[in-house]
Structure formats: structure tokens, C-alpha cells
Amino acid sequence: IAILGLGGVGGFYGGKLARRFGNSSNVGVYFITRGEHLEAIQKNGIRVISDRDDFTAKPDLATDNPSEIGMMDYVILTTKSYDLVDSIEFIKPCIGKKTVLLPLLNGGDITERIRQILPNHIVWSGCSYIVSRKTDPGIIKSSGSYAKFVFGYDNGDNEQLKSFENLLKEADID
């Protein structure tokens with residue numbers, strides 16, 4: 001699982017995934033970010049502070065170079081919607097024919113826009129209900145007791161959906 005964009009949304013969910021699956025032999029968690037945030041995560045991990053939790057987790061790799069990661073099963077996109085086209089181009093080294101792209105960006109047409117850019121790829125729809133932000137390099141703070149991650153595929157249920165749902169549940173993500 002690669003997460004592109006480690007702000008409030010990507011950092012919160014990425015942190016939970018890294019906490020559960022960091023150093024797992026079955027699931028790899030990779031962060032793609034840049035600058036001081038990247039340096040802090042590489043050095044100390046990502047700290048997630050919420051009303052229920054306060055933990056630090058390390059991904060398998062934090063990088064600003066998607067080529068270091070290779071092809072992924074899942075890519076969660078949490079960049080700003082105005083960076084969508086550049087973000088898709090940037091993350092292409094991680095995208096294969098079976099890679100699922102899951103956007104959690106502002107905008108009701110994001111899934112369709114990604115499908116126009118990558119018409120032969122799997123793009124799910126996603127939405128996150130959360131109040132979360134990056135407060136300092138390497139630190140994510142979520143406030144309130146509600147954090148929900150909703151996703152689906154207009155082609156109906158399939159094994160990838162169920163597998164991803166199980167990964168999220170194992171990582172204590174609602």
C-alpha cells in the first residue's frame with residue numbers, strides 16, 4: 001500500500017496502516033511525501049495524535065521518489081485536487097495493470113478525472129470523514145471522535161474490495 005500525500009488525511013490513515021503492518025512480511029506500507037515532513041518521518045516515524053490514540057509508526061519506506069517503491073497493489077491518493085494531474089504522473093512508477101487507485105481528495109468528480117487520465121486502470125471511489133491536519137513535520141493531529149473511511153467500486157464487490165476492507169479493519173480504521 002502506497003500513500004501519496006501525508007497531510008491530515010493521508011498521514012492519519014497511513015500512520016494507522018504503518019502501525020499495524022510496519023515490518024509485516026505480508027503487507028508493505030510506503031509513504032510518498034517530501035521536504036521536512038519526509039525527513040522527520042524518515043528519522044522518527046509519523047506521530048498520530050487523536051482523541052483516542054497517540055502513537056508513532058514507521059512505514060516500510062518513506063520517500064519522495066515513487067521509483068524506489070515499485071508496483072503497488074493499492075495507491076491511496078491524498079494530495080490536493082488541484083495537483084491531481086501532476087500527482088498521477090508522479091506516481092506512475094507504482095501503477096500496474098492490477099493496481100487499485102483510491103482517491104481521498106476534495107471534489108465530486110475526482111474518480112472520473114483519474115479514469116480519464118488512466119482509462120485502462122482500476123480506480124475506486126473514496127471518501128473520508130475526518131478532522132485531521134499536519135501540525136508539524138512528522139506530526140498529524142486529528143480532533144473529534146469521528147474518523148470514517150468509505151470506499152467502493154462501481155463494478156460491484158470483488159475480492160480486492162474485501163481484501164482491502166480487511167486490511168483497514170486490521171489497522172483499526174473504520
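The values are calculated or read from the model by the stated rules, or taken from the named source; none is laboratory data. Just so it is clear, the model here is predicted, and its values are computed rather than measured. Neighbour counts are summed over all protein chains in view; Cβ atoms, including those assigned to glycine, are modelled from backbone coordinates with ideal geometry. Side chains included, ligands, DNA and RNA excluded: accessible areas come from the protein's heavy atoms. Shrake-Rupley method; radii C 1.70, N 1.55, O 1.52, S 1.80 Å.
The single condition from (1) closer than 11 Å to Ala2 by Cα; (2) part of a helix (DSSP H, G or I) that Val75 fails is (2). Against the condition surrounded by 15 or more Cβ atoms within 10 Å (Cβ to Cβ) and touching a residue at least 40 places away in the same chain (Cβ under 8 Å), how does Asp73 come out, does it pass? When the stated conditions are applied, Asp73 passes them. Exactly one residue out of Ser163, Ser142 is at pLDDT 90 or above, in contact with a helix residue (DSSP H, G or I) (Cβ under 8 Å, 6 or more places away or on another chain) and of a type in the set (S, T, N, Q), and it is Ser142. Listed by first and then second residue, the pairs with beta-carbon distance under 6 Å, at least 6 apart or on different chains, first residue in the stretch 82-99 and modelled with pLDDT of 95 or more, second open to solvent by 10 Å² or more (accessible area, probe 1.4 Å) and of a type in the set (S, T, N, Q), are Pro93/Ser67. Where strands (runs of 3 or more DSSP E) fall wholly inside the stretch 1-60, the ranges with 1 or more residues that are farther than 21 Å from Val100 by Cα and either open to solvent by less than 10 Å² (accessible area, probe 1.4 Å) or not aromatic (Phe, Trp, Tyr) (or both) are 46-49, 54-57.
Please work out if Thr63 is touching a residue at least 12 places away in the same chain (Cβ under 8 Å), more than 30 Å from Asn155 (Cα to Cα) and of a type in the set (Val, Ile, Thr). So Thr63 passes the test. Restricting attention to the stretch 113-162, which residues are farther than 25 Å from Ala62 by Cβ and part of a loop (DSSP other than H, G, I, E, B)? Passing the criteria: Pro119, Asn120, Gly144, Ser145, Tyr146, Tyr153, Asp154, Asn155, Gly156, Asp157, Asn158.
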